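S.K.: Dropping the structure in here first, questions after.
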Amino acid sequence: MLYREAGQFKISYQADSQIFPIRQDRLFIIAMLVFAFFVVPMVASPYVFSAILIPFLIFALAALGLNILTGYAGQLSLGSAAFMAVGAFAAYNFILRVPGIPVLAAFILGGLCAAAVGVAFGLPSLRIRGFYLAAATLATQFFVVWCLTKIGWFTNYSSSGVITAQRITILGYNFDTPASKYVLTLAIVSVMALLMKNMVRTNVGRSWMAVRDMDVAAEVIGFRLMRTKLLAFAVSSFYCGVAGALYAYAYLGTVEPEAYSLDLSFRILFMIIIGGVGSIIGSFFGAAFIVLLPILLNIIAHTLDLPTSVASNLELMVFGALIIFFLIVEPHGLARLWQIAKEKLRLWPFPH
Amino acid sequence: MQAQRKIGEVILDLRNISLAFGGVKALTDISFDVREHEIRAIIGPNGAGKSSMLNVINGVYRPQQGEIVYRGQHRKDMNTYAAAKSGIARTFQNIALFKGMSVLDNIMTGRNLKIQTNFLLQALYWGPAQREELAHRRKVEEIIDFLEIQHIRKTPVSRLPYGLQKRVELGRALAAEPEILLLDEPMAGMNVEEKQDMCRFILDVNDQFGTTIVLIEHDMGVVMDISDRVVVLDYGRKIGDGTPEEVRSNQDVINAYLGVAH
Amino acid sequence: QEQFIPILSYRVGPYAAGGSGFFGGAIDYMNLVNANGGINGVKLKWEECETEYNASRGVECYERLKSSNGGASLVEPLATGIAYGILDRVAVDKVPMTTLGYGRSDAANGKVFPYVFPLITSYWNQAAAMTAYLGSQLGGMDKLKGKKIVHLYHDSAFGKEPLPVLEAQAQQYGFELIKIPVAHPGNEQQSQWLQIRQARPDYVILWGWGVMNAVAIKTAQRNGFPREKILGVWWAGSEEDTIPAGDAAKGYTTMTFNTPGNYPVLDEIRKKVYDAGRGNLADKNRVGSVYHMRGVTAGILWTEAIRKAQEKYGKGKVLTGEQIRWGFENLNIDEARQKQLGAFGMFPVVKTSCEDHEGSGAVKVQQWDGSKWVAITKDWVVGDKALTRKLLEESSNKYAAEKNIKAACMD
Amino acid sequence: MELNFFFEVLIGGLLAGVMYALVALGFVLIYKASGVFNFAQGAMVFFAALTCVGLVQTFDLSLWIAIPLTMAAMVLLGLATERIVLRPLVNQHEITLFMATIGLTFFVEGLAQLIWGSQVRRLDIGIEDVPIEFLMERFNIMVSRFDVTAAVICAVLVTALALFFSKTKIGRALRAVADDHQAALAVGIPLQQIWGIVWAVAGFVALVAGLLWGARNGVQFALTFVALKALPVLILGGFTSIPGAIIGGLIIGASEKLAEVYIGPMVGGGIEGWFPYVLALLFLLVRPEGLFGEKIIRRI
Amino acid sequence: MSAVPIASSPTCLSVNNIEVIYDHVILVLKGVSLQVPKGRIVALLGANGAGKSTTMKSISTLLRGERGEVTKGSIEFMGERVDQLTPNELVKRGLSQVMEGRHCFAHLTIEENLLTGAYTRRISRKELNDQLEMVYTYFPRLKQRRGSQAGYTSGGEQQMCAIGRSLMARPSMILLDEPSMGLAPQIVEEIFEIVRDLNGKEGVSFLVAEQNTNVALRYADFGYILENGRVVMEGRAQDLAANEDVKEFYLGVSGAGRKSFRDMKFYRRRKRWLA
Ligand SMILES: Nc1ncnc2c1ncn2[C@@H]1O[C@H](COP(=O)(O)OP(=O)(O)OP(=O)(O)O)[C@@H](O)[C@H]1O
Ligand SMILES: Nc1ncnc2c1ncn2[C@@H]1O[C@H](COP(=O)(O)OP(=O)(O)OP(=O)(O)O)[C@@H](O)[C@H]1O
Ligand SMILES: [Mg+2]
Ligand SMILES: [Mg+2]
């Protein structure tokens, strides 16, 4: 009975409204953060930083963003990459055109631009629902990328349509090593995850979930559909926008608009579905799954020494099969699996 | 007991309401009023238009004809937001809880119109936002206590049995501290004992907070026992209106709905 | 003693056909080198990583492999997105990156991009060569005046890359340039070809990618546009582009930087690699196909760079990426060397320097005869290099300014 | 001349639209039957075409033998999907099912290339892709013979399917299943069989689409992308309507070509990627469930 | 508690000591056993959340779709184990369920809903129409609304539709989950009359989960009372109806006769058979 809440009584609502009401959870998350902020930077290799951890965190952030929209507010979207692109290109232009602007401010402004675009493309969601909306959000995806390729101003008239992220300097410190970029990304992602947790446990979050679960009833209770949905689009796009900026600045460095392709949108969608729709921790699980699994499969295929074309195709097949497998085991995603594991642990060693 | 309760003036008056869906006439020229603090029941056979009536009152449906007078304000129709804002809350016949949320969160949604802080403060969960959240939480806990559902506070509502879901839904409506509470078959699917509990809740709300209640129910025992006045619908028309005794002895009502008296 | 080369290949997904051909060719050549005893005794070793043509997977592959097996000698992703994703990293990690015939045209400026090598030819030089070829077809550059040329392009950074050159030349020579984009992936082009039919151009430059090429050729046929008047970029000039178009492709022309045909080096690969059961392609008949030959060319350039670097840093030694960079910057594969390699005329003479990481800029034009490609220009075609040089300087200096890089040669 | 050109564009667009509709049809069938948005439809088109060509080229079979063999493979694929993927996921949220079909997409794509390799192949089904001379000479309007044939095949297919699903009790059962898996089970509708049938039929449609598109563009991975062209058709026509797929296809095809030709040059062209989606979106604003889709019922 | 010997007639359905777990962790039924003799009406009573619907769903094997699992025990229908059958096979064998909460096919019209009920039967158009007419005579209201989409009909109409739909299958046994919910009183009576009618004329067996204990015990032959996932009482319907505790808690009558709902002064702590 390692994991047990018995004996932990809450004497105030404040205590009960904590983010992690159970002590073990709290300790666990603190340990995780300490580990991530202090231990990892000392032990991890540059490969781990720049090829695994940084993309993992950025994807997790984008997944958080999509989760706000799809998981919490129930609006299925296939356009997350487009919002990421807006964030990245806007941040690039802010830094380029506003001399002396702090990088973080540019990221935030980039996020805000993404939020504005999100609101514009969120308007149809007032009438359109479900897969119709999902397919319609593809309009965002294609339109935004098209605009970025078409309008030279966005890319500072670079002949190839490619932008090169400027250096990240905050208060005179240069974030140019993988480890420092990792710490920066981690800090941003942690703060934004915390903000999101706060949102979903207060009225905004409840309004989103209400609209998701039953919009007519939500309306009757006094939530305003338009406002709620658009706010969800805005906040979600903001998260995606910041993730997109990080994708350009902390991860790739040089990007073309096509980097924010439909493919990327889909990958982010996979993350939230595999991780758990409507779950914050699920976004992290999902991102880890989608980032790590192909690498793992690739390494396994290598050790098996298969002919390369066979190996590549097998990787793809196993990847697909594993997705299906996990969905069958737990349709609500890894987050639910995690929760069930905890519940089992709570009962362990006595079943029921 | 009845004598102690003060039944006030008419606060909601429905005049000549007609509502049709394509060819289906759900309501035809219906007028009735609701007085402050009373328990007003609507009864009638299945498909008579009872739920549609409630939907008209809180703006889910827009009647083609008629007028709604609420607290002196004349309107052609309501809209849901205005209705909620002006103190009309309701429960639904086919439970309309937010399935993915816990009981506590569901009831908290009922308080949304009372929340002042904006989402930025909430995201920071800082100062006023936190205080406000906790204040509402306290209020909601009172309701949870009142409805005796403490033990399922954190359970996702989709896992609850039907009867408890109905109770949670009542809690959500109560959380808004409404002036008028519209209840659509709150006791369907409950056994006698649970119905007794539910009646108790309704009566207490009515007594303690002075909430006006409009109630749809098929259990005549309940309707006759707790309501002050009853309106009877049949095929979208009003066929009776009055105190339970009057209605019970109305021949039209007996023919259309009650059949032999129980 | 092994020199390690990471292979960031893609063998699944939409570009798998090209990927397997190219990387197959490169690996075949490396196998051949090893079969012949390596580079002065240093054997080549490689490890493949599937990128799916996807930037973030490519970056991961690069990061994973760059320091394994004693460190990467060089890297070639054959994908624009991945090349951009590791552009900054290769400079930090000191791993030379080749981008054969794609990527940033301005990366030929070694002062700004010391670790990037767009070998043989960049998009800009190719575009310039195209106008040069079209001019020669008409009987002189002055004949271009008043002609109409359609630039039918994949609507992306890739398709827009040659525009500065083509636009400048349109002005210079007085031809009309009509730009018609095709949205990705380009599996439907009826409207574009109707536009072309209406414009009645003299030539169509097909700057296409993937399925877009075959569809363009087929749609040209059904709209009655002569294939001989279509001139494709080299990404539109492989068997993969013409075979699906069937008979419609007969007569279609494209640029190429390999002269189609057979070469001793290919025979050697067939004999020493395939007959020994170590061939990389499942289908031996693909040896000598366009992508395969391009892969072999890449293999030759890589090994020659290593060989060159060994001359400076010690024969028979395993070198670092930094040392090999020098090799790439001082390549000199002249005709004599090509003959020794059994690849005479297979690709143009390559001579690089710090200012010129491209090393050539010469291309040929090939035509599909219904079953195979044949070269239709005897000599290598070179366009207006002064123009491209000017553009290149401008663009790379802008990049240097944005990035705060001091342009300078390394040694 | 101008008018001629307009008609040329229009006809070209309409015919292209029919080709899109063919792919959209596969989506409709499965959505109708299970409420599942089958992302794998594109992969199935690819798989079918590749298998067919693979059989022809590798084993030197005639096309007429390869087609039934491929059909058998598609039926097997459909049945296996039902058994392995769908059955354990009965009554789950639509997003979960959607995701499962994405997993299926990867699997099928990998499988296809594992068996047949990644080479681009040519498929000749004996219909020439050249302008119809008669129209060319008389009106100077370019209409491809191939496209017209494809349109006829598509029309036959749509009619047959529409009849099949409206005249048999399976049609009604399908709609029931799509509404409520659990209740459909309770009344004794054999979900397994129904899904098996529908996936097999969708496989057949994928085969037809694969053959036609493959003959047009070559059999290659990019066939999976035609699904992207089918989506706007689908939302415009409505997810649940077979005739909707055709009408949607015609509208999308025609307007996309007209827009590219007449609006494109004004904004720099290449708008075919997003224009159909924006158009479909505008339609949706008026009719949120597409032109012929079933109205979403929201009642409390 | 002593088990009351239930019946001498052959059992139609027997549930033996089943245990049900939802979501791998939530144990809901803790060993439920019950028998439905052939041609009899058995009522399943119990408070909210007692596990009535779960029992029903385990019988009709619909649990799987809700991530529930029967982990112990067995279920036999007509002497054969049916736990592993698909619902479709069960319906074919004559066991049909009316699910709690209506579950009409929202986009189908009332008539189409009814017709899907006959999916498993191979009958002529004419027979089908007769069958349809029969349902319409039971529920005239449905005939009026036959052309409307079920999603737009009123709650009670949907309930009638759900019941009518399962009658279309002509089952030999019906599981009715809260048939009276949301129905007007005289319709409730009518439904139970229909039950009695089918039972009497065609020998259809019934297992009825019902909150309206009063009516249920009036029409049923036997009854089981479920609490917290366990059977706490079983016996003949009359015996149950006469039991003091049942009277008090399920029928709302005590020694002094029926009490008014208005006069309930306290939320009553019920006496439980099980702590
Ligand atoms: N949105 C709608 N569209 C079409 N018809 C509707 C709609 N809402 C209600 N109706 C019809 O109006 C009539 C009245 O429905 P309503 O739900 O008000 O009945 P009710 O009195 O609540 O019945 P019950 O007691 O069965 O709940 C019904 O015949 C119903 O089919
Ligand atoms: N899908 C589910 N997941 C988890 N728990 C469930 C689920 N369905 C039911 N339960 C739990 O199982 C228990 C029994 O529920 P069930 O629906 O069988 O009760 P019931 O007797 O039919 O009640 P009611 O009279 O309210 O319909 C309840 O405590 C409920 O919370
Ligand atoms: Mg009602
Ligand atoms: Mg129940």
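The values are calculated or read from the model by the stated rules, or taken from the named source; none is laboratory data. All figures in this text were calculated on a predicted structure; none of them were measured in a lab. Please note: Cβ atoms are built from the backbone with ideal geometry, for glycine as well, and neighbour counts cover all protein chains shown.
S.K.: Take residue C:299 and decide whether it is under 21 Å from residue C:32 (Cα atoms), within 18 Å of the chain's Cα centre (by Cα) and at pLDDT below 95.
M.R.: Details: under 21 Å from residue C:32 (Cα atoms): yes; within 18 Å of the chain's Cα centre (by Cα): yes; at pLDDT below 95: no.
In short, no.
S.K.: A follow-up question, please. Could you grab me the full set of residues in the stretch E:78-98 that are in contact (Cβ under 8 Å) with a residue 60 or more places away in the chain and surrounded by 24 or more Cβ atoms within 10 Å (Cβ to Cβ)?
M.R.: Listed by number, the residues that qualify are E:91, E:95, E:96, E:97, E:98.
S.K.: Of A:345, A:327, A:297, which residue is over 29 Å from residue A:74 (Cβ atoms) and buried (at least 18 other Cβ atoms within 10 Å of the Cβ)? Give the derivation first.
M.R.: On the way: A:345 fails: buried (at least 18 other Cβ atoms within 10 Å of the Cβ); A:327 fails: over 29 Å from residue A:74 (Cβ atoms).
Checking each option against the conditions leaves just A:297.
S.K.: So which helices (runs of 4 or more DSSP H) stay within the stretch A:184-262 end to end and still have 3 or more residues that are under 25 Å from residue A:139 (Cβ atoms) and at pLDDT 95 or above? Even if it seems obvious, please write down each step before you answer.
M.R.: On the way: elements: A:203-213, A:215-221, A:225-246.
Qualifying helices (runs of 4 or more DSSP H): A:225-246.
S.K.: Would a scan of the stretch A:44-53 turn up a residue that is in contact with a Ser or Thr (Cβ under 8 Å, 6 or more places away or on another chain) and without any contact (Cβ under 8 Å) to a residue 60 or more places away in the chain?
M.R.: Looking through the stretch A:44-53, at least one residue is in contact with a Ser or Thr (Cβ under 8 Å, 6 or more places away or on another chain) and without any contact (Cβ under 8 Å) to a residue 60 or more places away in the chain.
Table: residues versus (1) more than 16 Å from ligand 1 (Cβ to nearest atom); (2) surrounded by fewer than 24 Cβ atoms within 10 Å (Cβ to Cβ); (3) in a strand (DSSP E or B); (4) of a type in the set (D, E, K, R).
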site: B:47; (1), (2), (3), (4): no, no, no, no
site: B:66; (1), (2), (3), (4): no, yes, yes, no
site: B:77; (1), (2), (3), (4): no, yes, no, yes
site: B:84; (1), (2), (3), (4): yes, no, no, no
site: B:89; (1), (2), (3), (4): yes, no, yes, no
site: B:96; (1), (2), (3), (4): no, yes, no, no
site: B:113; (1), (2), (3), (4): yes, yes, no, no
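S.K.: Any residue in the stretch C:36-50 that is within 23 Å of residue A:255 (Cα to Cα) and facing another protein chain (nearest Cβ under 9 Å)?
M.R.: The first filter runs over the stretch C:36-50 and keeps only residues within 23 Å of residue A:255 (Cα to Cα), leaving C:49-50.
Restricting the remaining residues to those that are facing another protein chain (nearest Cβ under 9 Å) gives C:49-50.
Looking for residues that are within 23 Å of residue A:255 (Cα to Cα) and facing another protein chain (nearest Cβ under 9 Å), one finds at least one in the stretch C:36-50, hence yes.
S.K.: For the stretch E:140-163, which residues satisfy the criterion of being of a type in the set (Ser, Thr, Tyr), out of contact with any Gly (no Cβ under 6 Å at 6 or more places or on another chain) and within 13 Å of ligand 3 (Cβ to nearest atom)?
M.R.: Taking the stretch E:140-163 as the starting set, the residues that turn out to be of a type in the set (Ser, Thr, Tyr) are E:148, E:152-154.
Filter once more, so that each one left must be out of contact with any Gly (no Cβ under 6 Å at 6 or more places or on another chain): E:148, E:152-153.
Within the stretch E:140-163, E:152, E:153 meet the criteria.
S.K.: Looking only at the stretch B:122-136, count every residue that is farther than 15 Å from residue A:206 by Cβ and buried (at least 18 other Cβ atoms within 10 Å of the Cβ) and tell me the total.
M.R.: Going through the stretch B:122-136 one residue at a time, the tally reaches 1.
S.K.: Going by what's in this entry, would residue E:144 be described as within 16 Å of ligand 1 (Cβ to nearest atom), in contact with a Leu (Cβ under 7 Å, 6 or more places away or on another chain) and within 14 Å of chain B (Cβ to nearest Cβ)? Give the derivation first.
M.R.: Numbers: within 16 Å of ligand 1 (Cβ to nearest atom): yes; in contact with a Leu (Cβ under 7 Å, 6 or more places away or on another chain): no; within 14 Å of chain B (Cβ to nearest Cβ): yes.
No: the conditions fail for residue E:144.
S.K.: Scan (1) within 12 Å of chain E (Cβ to nearest Cβ); (2) within 16 Å of ligand 3 (Cβ to nearest atom) for the single condition residue B:23 breaks and write down its number.
M.R.: (2)
S.K.: Restricting to the stretch E:173-206, give me the number of residues that are part of a loop (DSSP other than H, G, I, E, B) and within 14 Å of the chain's Cα centre (by Cα). Even if it seems obvious, please write down each step before you answer.
M.R.: Filtering the stretch E:173-206 for residues part of a loop (DSSP other than H, G, I, E, B) gives E:178-184, E:203-204.
Those left that are additionally within 14 Å of the chain's Cα centre (by Cα): E:178-181, E:204.
The number of residues fulfilling the criteria is 5.
S.K.: So how many residues does the stretch E:221-242 have that are among the small types (Gly, Ala, Ser) and in contact with a Lys or Arg (Cβ under 8 Å, 6 or more places away or on another chain)?
M.R.: Qualifying residue count, the stretch E:221-242: 4.
S.K.: Taking interchain pairs and intrachain pairs at least six residues apart, which have beta carbon atoms under 8 angstrom, with the first residue in the stretch E:140-164 and within 16 Å of residue D:176 (Cβ to Cβ) and the second within 16 Å of ligand 4 (Cβ to nearest atom) and not in a helix (DSSP H, G or I)?
M.R.: E:158/E:102; E:161/E:102; E:162/E:98; E:162/E:99; E:162/E:102; E:162/E:103
S.K.: Quick one: in the stretch B:178-207, of everything that is assigned to a strand (DSSP E or B) and touching a Gly at 6+ places or on another chain (Cβ under 9 Å), which residue is nearest to the other protein chains (Cβ to nearest Cβ)?
M.R.: Just the residues of the stretch B:178-207 that are assigned to a strand (DSSP E or B), to begin with: B:180-184.
When the remaining residues are screened for being touching a Gly at 6+ places or on another chain (Cβ under 9 Å), the result is B:180, B:184.
Numbers: B:180: 13, B:184: 8 Å.
Residue satisfying both the conditions and the ranking: B:184.
S.K.: Let me ask another. So if I check each of B:222, B:232, which one is more than 10 Å from every other protein chain (Cβ to nearest Cβ), within 16 Å of ligand 3 (Cβ to nearest atom), in contact with a strand residue (DSSP E or B) (Cβ under 9 Å, 6 or more places away or on another chain) and aliphatic (A, V, I, L, M)? Break it down into steps so the answer makes sense when it comes.
M.R.: Working: B:222 fails: more than 10 Å from every other protein chain (Cβ to nearest Cβ).
Answer to the selection: B:232.
S.K.: Name the residue, out of B:44, B:23, B:87, that is small (Gly, Ala, Ser), away from ligand 4 (no atom under 16 Å from the Cβ) and at pLDDT below 90.
M.R.: Details: B:44 fails: at pLDDT below 90; B:87 fails: at pLDDT below 90.
Within the list B:44, B:23, B:87, the selection yields B:23.
S.K.: Just give me the residues in the stretch C:117-134 being over 14 Å from residue C:203 (Cα atoms) and assigned to a helix (DSSP H, G or I), in sequence order.
M.R.: First, the residues of the stretch C:117-134 that are over 14 Å from residue C:203 (Cα atoms): C:117-126, C:128-129.
Within the stretch C:117-134, C:123, C:124, C:125, C:126, C:128, C:129 meet the criteria.
S.K.: Scan the stretch A:170-185 and tell me whether some residue there is of a type in the set (D, E, K, R) and over 30 Å from residue D:235 (Cα atoms). Explain how you work it out, then say what you get.
M.R.: Initial filter on the stretch A:170-185 (of a type in the set (D, E, K, R)): A:176, A:181.
This time we only want the ones that are over 30 Å from residue D:235 (Cα atoms), so: A:176, A:181.
Checking the stretch A:170-185: at least one residue is of a type in the set (D, E, K, R) and over 30 Å from residue D:235 (Cα atoms).
S.K.: I need the helices (runs of 4 or more DSSP H) fully contained in the stretch D:187-270, keeping only those with at least 2 residues that are buried (at least 23 other Cβ atoms within 10 Å of the Cβ).
M.R.: Values: elements: D:191-217, D:226-237, D:242-258, D:264-267.
Counting at least 2 such residues, we get D:191-217, D:226-237, D:242-258.
S.K.: Any chance you could count how many residues in the stretch D:71-96 are at the interface with another protein chain (Cβ under 10 Å from one of its Cβ atoms) and under 19 Å from the mean Cα position of the chain (by Cα)?
M.R.: So the answer is 1.
S.K.: State yes or no: is residue E:159 within 16 Å of ligand 4 (Cβ to nearest atom), closer than 25 Å to residue B:24 by Cβ and either at pLDDT 90 or above or at the interface with chain B (Cβ under 10 Å from one of its Cβ atoms) (or both)?
M.R.: Details: within 16 Å of ligand 4 (Cβ to nearest atom): yes; closer than 25 Å to residue B:24 by Cβ: yes; either at pLDDT 90 or above or at the interface with chain B (Cβ under 10 Å from one of its Cβ atoms) (or both): yes.
Criteria met by residue E:159.
S.K.: Are there any pairs, at least 6 apart or on different chains, whose C-beta atoms fall under 6 Å, with the first in the stretch E:172-191 and within 11 Å of chain B (Cβ to nearest Cβ) and the second outside any loop (DSSP other than H, G, I, E, B) and within 11 Å of ligand 1 (Cβ to nearest atom), and if so, which?
M.R.: Matching pairs, first to second residue: E:182/E:155; E:182/E:156; E:182/E:159; E:183/E:156; E:183/E:159.
S.K.: Still on this structure, please answer the following. Where the second residue is more than 16 Å from ligand 3 (Cβ to nearest atom) and of a type in the set (Asp, Glu) and the first is within 12 Å of chain E (Cβ to nearest Cβ) and over 18 Å from residue E:27 (Cα atoms) and lies in the stretch B:154-177, which pairs have Cβ atoms under 7 Å and are six or more apart or on separate chains?
M.R.: Partner pairs satisfying both residue conditions: B:163/B:194.
S.K.: Related question: Inspect the stretch B:180-187 for any residue being within 16 Å of ligand 4 (Cβ to nearest atom), closer than 23 Å to residue E:179 by Cα and under 15 Å from the mean Cα position of the chain (by Cα) and give the result as yes or no. Let's see the steps before the verdict.
M.R.: From the stretch B:180-187, those within 16 Å of ligand 4 (Cβ to nearest atom) are B:185, B:187; that's our starting set.
Right, trim to closer than 23 Å to residue E:179 by Cα and you get B:185, B:187.
Checking the rest, the ones that are also under 15 Å from the mean Cα position of the chain (by Cα) come to B:185, B:187.
For the stretch B:180-187, residues within 16 Å of ligand 4 (Cβ to nearest atom), closer than 23 Å to residue E:179 by Cα and under 15 Å from the mean Cα position of the chain (by Cα): present.
S.K.: Considering only the stretch C:4-26, how many residues are buried (at least 24 other Cβ atoms within 10 Å of the Cβ) and within 18 Å of residue C:273 (Cβ to Cβ)?
M.R.: Residues in the stretch C:4-26 being buried (at least 24 other Cβ atoms within 10 Å of the Cβ) and within 18 Å of residue C:273 (Cβ to Cβ): 9 in total.
S.K.: Looking at the stretch E:162-210, which of the residues that are away from ligand 4 (no atom under 16 Å from the Cβ) and on the phi > 0 side of the Ramachandran plot is surrounded by the fewest Cβ atoms within 10 Å (Cβ to Cβ)?
M.R.: Only one residue tops the list, namely E:203.
S.K.: Going by the conditions given, is residue B:215 away from ligand 1 (no atom under 16 Å from the Cβ), closer than 24 Å to residue B:14 by Cβ and at pLDDT 90 or above? Show your work before the answer.
M.R.: Numbers: away from ligand 1 (no atom under 16 Å from the Cβ): no; closer than 24 Å to residue B:14 by Cβ: yes; at pLDDT 90 or above: yes.
Answer is no for this residue.
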